[in-house]
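Okay, structure first, notes after.
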There are 2 protein chains.
Amino acid sequence: MKHDKENIGVKEIARRANVSIATVDRVIHNRTGVSDKTRNKINAIIQELDYQPNILASRLASKKTIHLAMLIPSASDETQFWEAPLRGIRRAESEIRQYGIHIDMYFFDLNDKESFRKQARAILDQKVNGVLLSPTFVEETVEFIKSCNQQSIPYVFIDSTIPQQNNLSYIGPHLFQSGYLSAQLLTYGLKGPSHKLLIVNISKEVDNFNYPQIEAGFRSFFQDQGDSKAIIRIDIRQTGYASVREELSKALQQHPDVDALFVTNSRVSSVARFLASQSLHDKLLIGYDYLPDNIEYLKSGTIDFLICHKPEEQGYRGVMALYQTLVFSSSVEKEYFMPIDIVTRGNYEFYRN
Amino acid sequence: MKHDKENIGVKEIARRANVSIATVDRVIHNRTGVSDKTRNKINAIIQELDYQPNILASRLASKKTIHLAMLIPSASDETQFWEAPLRGIRRAESEIRQYGIHIDMYFFDLNDKESFRKQARAILDQKVNGVLLSPTFVEETVEFIKSCNQQSIPYVFIDSTIPQQNNLSYIGPHLFQSGYLSAQLLTYGLKGPSHKLLIVNISKEVDNFNYPQIEAGFRSFFQDQGDSKAIIRIDIRQTGYASVREELSKALQQHPDVDALFVTNSRVSSVARFLASQSLHDKLLIGYDYLPDNIEYLKSGTIDFLICHKPEEQGYRGVMALYQTLVFSSSVEKEYFMPIDIVTRGNYEFYRN
DNA sequence: CGAATTTACGGGTACGTACCCGAAACCCTT
DNA sequence: AAGGGTTTCGGGTACGTACCCGTAAATTCG
């Protein structure tokens, strides 16, 4: 341990500019009360010295607490998925809490648009400095972020996005490519030449924006290959197992020659359960997300691959993106695509969500 | 932004204990000069209040700079691999520089044990507070860390490890499982029943510890499957392309029925180059590391999969592990295994090394 | 042109912790 | 009991920045 630390600070700037520290401070924070002449002089010196403020001292001296709000679906039995982003958000908060950042947690019900609207309103009442949200319901989100824009509150989308919006950043998967990869993996595992594939879409809500991208990517792979496989799709609008079993059963009776199934979201364990119950072990199965149920079927070999987009990291990075802009005023990427991770029996043990 | 912040600090502790701030400070840092009675009283209050020191204020007030040293192979044309950990280390440094952490960078030549020894000595001369290193040369490393142990300098291994040592942490791959996964991927892609596999080990140094684990994992997969594939191995001790071409050519003449090749390190691009030159497009090829050359052959389809262990993150986490212990005195995991990432044509674009 | 504003700026304190320095209290000799 | 040494402790300043408050200078206005 040595006694280094010769960094220049406001004091040195003030000395060089023949002004007081307070004036330098005003310039740094673009506050009023400084003549253009002095302002320019000080800015020049700041430029020249490449002054970097000491965040420690800055946050320490600042009495302000930055309030962030987070609006994501509550994790239900049906979708444990959102536990992961929440973990990431919590981790981020515990890291930056000491820097005076506080995060208010708001949850909404995935099956209830009104709950989203209500929570969004609650956030706006709180006068927060930044928002991290999952724009699950497009219309409601647009309404919400209109208010954010008016009050210049930055907001970050995670997991899914709405294009052409003024969001500070989108942090989540590139869905098209994700579908593409799934197709590649299925193809790689299929023996023999001609095949029939089944896309299984299990979801209550009809998703007009996100889901189609996955399917487009999936189909695009085969187009690129000049390979015209038979691809059929079923939509299951009731997420309970009974419904999944029934619909799958029907579909597989109609197409007994299906070689591989691609489930477009995390409900792949339901499909796996069905396949296992029917002893259909030879069919390839790919789905989404590192969830306990899915992992079980991965271990037992019913699910061949899970595609993951690091949900925990999405939450973490989302918070950090807001932190970066609000505290350091540093810019963040407008689109930060998560890696498209392949989880399988051989590597699930070490996967970091 | 509100005016929160009601956290208790040393001041409050001092008030409750009827002592001065300085005495509380002595207790917190286990310095001498405090009677057992006062020490106990203060410690009790600290416990009771669950006092968390304010890192900002702490680092700000401390005039000390923590000096870390890093000792990794220099990135050469032959192995660009080490650029990635270096990036991670640099990223970590830039994040914690303002907290008074400084990292001295030492590089050694992968083909020269003496350079390792020399640099190690240089580090010891500098009286550093912590070391991050790649224990490439076992004997030399053991010698080095003996001194570290004597001076109680914590050290972290990245990328590879030496078992049964007093290292603070190992951050890197679980090689056995990594080989296992490779086997799984190859099997998944092989059409038809019976196959012949070729393990290609290209390396100047004979590695007695790390490499065997990969091969053991690889073979273990087939044992688990009850699948006795023919597995042959060649060792290429000259890393230049000419040598690789010659040896591979020989091996494939002898075993023209090889279906798949597994290259046990990042030199897979040499093998890919050979296969491409011979138009052997139908053979599966798996190797290691997200390097530009490898990615090219991944794109062109010669390489089917690359296995990666997030080298950049290894560097980053290695630094952070030292930072955590030295600044926060918090414990870190003795073994932190990196995820075993699968990179392929469909997802390489979004891979984060 | 003097008074009332407004604008421009400096002094000084606070944030929570680290650590120097000096003083009081205690202990042991002779 | 006096002297010297050691242990225990408190006062006070510093770290670099934020921001309050007061004042001098510049500007506006009647």
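Table for the structure above
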{"quantity": "Label-to-label distance, nm, for residues given as residue B:249 and residue B:225 (7 Å Cα→Cβ offset)", "calculated": "3.2"}
{"quantity": "Projected-area average for the protein assembly as shown over all orientations - Cα convex hull basis, square nanometres", "calculated": "36.2"}
{"quantity": "Summed buried accessible area for B+A [probe radius 1.4 Å, Å², rounded to 100]", "calculated": "5000"}
{"quantity": "Calculated label separations, residue B:226, copies of the chain, 7 Å along the beta-carbon direction, nm", "calculated": "4.2"}
{"quantity": "Label geometry 7 Å along the beta-carbon vector: residue A:65 inter-copy distances in nm", "calculated": "3.6"}
{"quantity": "For chain B, accessible area per residue (1.4 Å probe, heavy atoms of protein chains only), Å²", "calculated": "46"}
{"quantity": "Taking region B:10-53 and dividing mean pair separation by its residue count, relative contact order in percent (alpha carbons under 8 Å, at least six apart)", "calculated": "38"}
{"quantity": "Residue mean of other protein chain beta carbons inside 10 Å, A:58-66", "calculated": "4"}
{"quantity": "Distance between modelled label sites at residue B:333 and residue A:281, nm, 7 Å Cα→Cβ extension", "calculated": "3.2"}
{"quantity": "Where trypsin sites (Lys or Arg not before Pro) fall in DSSP loop in region A:186-273, at most 16 other Cβ within 10 Å", "calculated": "A:191, A:204, A:237"}
{"quantity": "Positive-end residue, region A:10-53 charge dipole about Cα centroid, Cβ charges, pick of A:51, A:23, A:10", "calculated": "A:23"}
{"quantity": "Interchain or long-range residues, amide H under 5 Å from residue B:265's placed H", "calculated": "B:202, B:288"}
{"quantity": "Under Karplus coefficients 6.51, -1.76 and 1.60, residue-wise ³J(HN,Hα) of region B:256-261 in Hz, glycine/proline x", "calculated": "x, 8, 5, 9, 8, 10"}
{"quantity": "Kirkwood Rh in Å, taken over region A:161-260 so that all alpha-carbon pairs contribute", "calculated": "15.2"}
{"quantity": "Percent antiparallel among DSSP beta bridges (both partners in the protein assembly as shown, rounded to 5)", "calculated": "10"}
{"quantity": "Choice from B:244, B:156, B:24 with maximal GNM fluctuation in chain B (Cα, 10 Å cutoff)", "calculated": "B:24"}
{"quantity": "Whole-Å semi-axes of region B:10-53's equivalent ellipsoid (Cα gyration tensor)", "calculated": "14, 10, 10"}
{"quantity": "Along each principal axis, Cα extent of region B:93-250, largest first, Å", "calculated": "60, 33, 30"}
{"quantity": "Taking N as its residue count, the alpha carbon Rg of chain A over 2.2 N^0.38 Å", "calculated": "1.24"}
{"quantity": "Residue-wise HN-Hα coupling along region B:338-343, computed from phi with Karplus coefficients 6.51, -1.76, 1.60 (Hz; x: Gly, Pro)", "calculated": "6, x, 9, 8, 9, 10"}
{"quantity": "Other copies of residue B:239: label-to-label distances in nm, shortest first, labels 7 Å along the beta-carbon direction", "calculated": "5.1"}
{"quantity": "Percent accessible area from carbon and sulfur atoms, region A:175-308, protein chains only, probe 1.4 Å", "calculated": "46"}
{"quantity": "Nonlocal amide H pairs with residue A:131, under 5 Å, H built at 1.01 Å", "calculated": "A:69, A:155, A:156"}
{"quantity": "Whole-number percent relative contact order across region A:175-308, with pairs defined as alpha carbons under 8 Å at least 6 apart", "calculated": "27"}
{"quantity": "Over 19 Å (Cα to Cα) - which of B:191/B:229; A:283/B:299; A:191/B:250 fall in this group", "calculated": "A:283/B:299; A:191/B:250"}
{"quantity": "Alpha-carbon spread of region B:223-346, three principal axes, descending order, Å", "calculated": "59, 36, 32"}
{"quantity": "Shielding score for B:336-344, defined as the mean number of other chain Cβ atoms within 10 Å", "calculated": "6"}
{"quantity": "Compactness index (Cα Rg / 2.2 N^0.38 Å), region A:46-156", "calculated": "1.26"}
{"quantity": "Sites excluded, GluC sites (Glu not before Pro) in DSSP loops with at most 15 other C-beta within 10 Å, longest stretch of chain A", "calculated": "A:206-332"}
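The values are calculated or read from the model by the stated rules, or taken from the named source; none is laboratory data. Keep in mind the model is a prediction, meaning the values are calculated, not measured. Neighbour counts run over all protein chains shown; Cβ positions are idealised from the backbone, glycine included. Ligands, DNA and RNA are stripped out before the accessible areas are found, and what is left, the full protein with its side chains, is counted by its heavy atoms. Shrake-Rupley method; radii C 1.70, N 1.55, O 1.52, S 1.80 Å.
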